[in-house]
Amino acid sequence: MSVRKHIPNAITSLNLLCGVIGIILTLGGRNLELAFLFMLAAVVFDFCDGLAARLLGAYSEIGKELDSLADIVSFGVLPSVMLYEWYGQSVEGFWHNLAWLPLLLAVFSALRLAKFNLDERQHESFIGLPTPACALICGSFCTLHLASVWIIPVFVLLFCWLLVCEIPMFSLKFGKDIHADAVTKMKRYAIVSIAAIVVIVVAVAGLPWQAIITGVLLAYILENALCALFKV
């Protein structure tokens, strides 16, 4: 096998490495902000490995399996551990017992990835919330300190359901627009408009930059949920 065939797998391995480093930084609540940056780096590598595979014609079965294994670490274990550490240090008494609940996100992320690998309906779009989107919302919640004693438990259960639900969700990879129908293109460009508004609001209000990620991805979930409800 030529060297170029290994390039996508090398990029996927960097995704995995970022996830492992993020987990180490998270343990003991050492540096959640830096751990979130490594999560963002993992997202970039997760995007680039597929792009590299398409450009180089370097698809392989081992690459597909490696991608799922990397994703469960970076977008399943890492966000669940971040929420576990952060919530556990933020609450006391009865609520502290619920600090274990976020670990369910790792389990449901694994289920979501297993379903994705077998589901023939998910070549151009998704069924259920993609794991990177779920992970980024979890990570941004931790760095923004958006918590109360009840928000995180409810949030975790909701997102566990979203990961494995049957709600269709469009892909945010705009390179697929060539094959997309008019409705899907409209949905994608609507989220771009929403993202622009979120950026302006965050800038004007002087909010942390992580609020952009939280706002855009929550809008993405809401848009898909409304489209599913009204069968758009």
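The values are calculated or read from the model by the stated rules, or taken from the named source; none is laboratory data. Because the structure is predicted, anything quoted here is derived from the model rather than measured. Neighbour counts are summed over all protein chains in view; Cβ atoms, including those assigned to glycine, are modelled from backbone coordinates with ideal geometry.
Brief remarks follow.
- Residues of the range 109-127 that are assigned to a helix (DSSP H, G or I) and surrounded by 14 or more Cβ atoms within 10 Å (Cβ to Cβ): 109, 110, 111, 112, 113, 115, 116.
- Members of the range 1-21 that are within 27 Å of residue 210 (Cβ to Cβ) and without any contact (Cβ under 8 Å) to a residue 24 or more places away in the chain: 17, 21
- So residue 42, is it within 12 Å of residue 139 (Cβ to Cβ) and either among the small types (Gly, Ala, Ser) or at pLDDT below 90 (or both): yes
- Checking each residue in the range 51-96 for being of a type in the set (A, V, I, L, M) and not in a helix (DSSP H, G or I) picks out 58, 91.
- Considering (1) touching a residue at least 24 places away in the same chain (Cβ under 8 Å); (2) closer than 30 Å to residue 92 by Cα; (3) assigned to a loop (DSSP other than H, G, I, E, B); (4) not assigned by TED's automatic domain parsing to the domain that holds residue 30, the lone condition that residue 232 does not fulfil carries the number (2).
- Among the residues of the range 143-154, those identified as more than 13 Å from residue 209 (Cα to Cα) and touching a helix residue (DSSP H, G or I) at 6+ places or on another chain (Cβ under 6 Å) are 147, 149, 152, 153.
- The sole residue among 24, 72 that is of a type outside the set (Phe, Trp, Tyr), free of Cβ contacts under 8 Å to residues at least 60 places away in the same chain, over 18 Å from residue 129 (Cβ atoms) and in the same structural domain as residue 142 (by TED's automatic domain parsing) is 24.
- Close pairs from the range 112-130: first in the same structural domain as residue 74 (by TED's automatic domain parsing) and more than 16 Å from residue 187 (Cβ to Cβ), partner in a loop (DSSP other than H, G, I, E, B) and polar (S, T, N, Q), Cβ under 7 Å, at least 6 apart: 116/122
- The requirement of being of a type in the set (S, T, N, Q), assigned by TED's automatic domain parsing to the domain that holds residue 65, out of contact with any Leu (no Cβ under 7 Å at 6 or more places or on another chain) and surrounded by fewer than 23 Cβ atoms within 10 Å (Cβ to Cβ) is fulfilled nowhere in the range 133-144; no residue meets it.
- Qualifying residue in the range 50-64 (condition: surrounded by 20 or more Cβ atoms within 10 Å (Cβ to Cβ), assigned by TED's automatic domain parsing to the domain that holds residue 13 and under 12 Å from the mean Cα position of the chain (by Cα)): no
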